[in-house]
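Trainee: First, the structure itself, so that you have it in front of you.
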Amino acid sequence: MALPNKKLIEALREAAGRLREGATYAWGNHGACNCGHLLQVITPLSRQEIMSYAQTGIGEWTELAEDYCGVTNAPVDLLLSKLSEVGLTPSDVHHLEYLDNREVLENLPGGFRWLKKNERQDVITYFETFADMLEANLLSKELMKETYRQRVGEGIY
C-alpha cells in the first residue's frame, strides 16, 4: 500500500474533484486516464504533455511502472518518478489504473464491489476512498507518535 502522506491524499482528492467537475476523461489516453489525472495534479504538466512523455515507453501505466528505472531520466521515467515521490509503488500504479486494490474496494462506501476502470464515477469513488484510507492511516500513526511522546514525557517509557 502507498506511503500515507498529505501530498498524496490531497492529490487524490483534487484529481477526484476535477473529474467530478467534468475534466476530460479517457481511460485509453495516458494523459487523461486515472494515473494521468493524478499526474496533472502533482506536476505542472498538461494532459497533452503527459501523453507525449508516456508514449516514450511501451504499454499502459501498469507496464510502464513495471519497467520503471529511476536512473535513466527518460520522459516516462520522469512521470513515474513523480508518482513514486508522492508515495506510490509500481503496484499502486497498477491498482490506480485498474481500480482493483482489494483493501480499497473493501472500504468503499456501501461495502465491497468491483469497479470499472473506465467509469468516471468509479474513478472518483476509488480515489476518494483511497485518500480516506491513507488519511486514517496517517492520523493513526500521528496519534501513536503523540501518545509515545506524552508517555516518554511522563516517564512511562
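Laboratory data are not the source of any read-out in this text; all were calculated from the coordinates shown. What you see is a predicted model, and the numbers here were worked out from it, not measured in a lab.
Trainee: For the range 79-96, what does the Karplus curve 6.51 cos²θ - 1.76 cosθ + 1.60, with θ = phi - 60°, yield as ³J(HN,Hα) per residue in whole Hz, taken in order and with x for Gly and Pro?
Mentor: 4, 5, 5, 5, 5, 5, 4, 8, x, 8, 9, x, 5, 4, 4, 4, 5, 5
Trainee: Still on this structure: Between L3 and S81, what length in nm is gained on full extension when 0.36 nm per residue of separation is reduced by their alpha carbon distance?
Mentor: Taking 0.36 nm per residue and subtracting the Cα distance, the gain is 26.6 nm.
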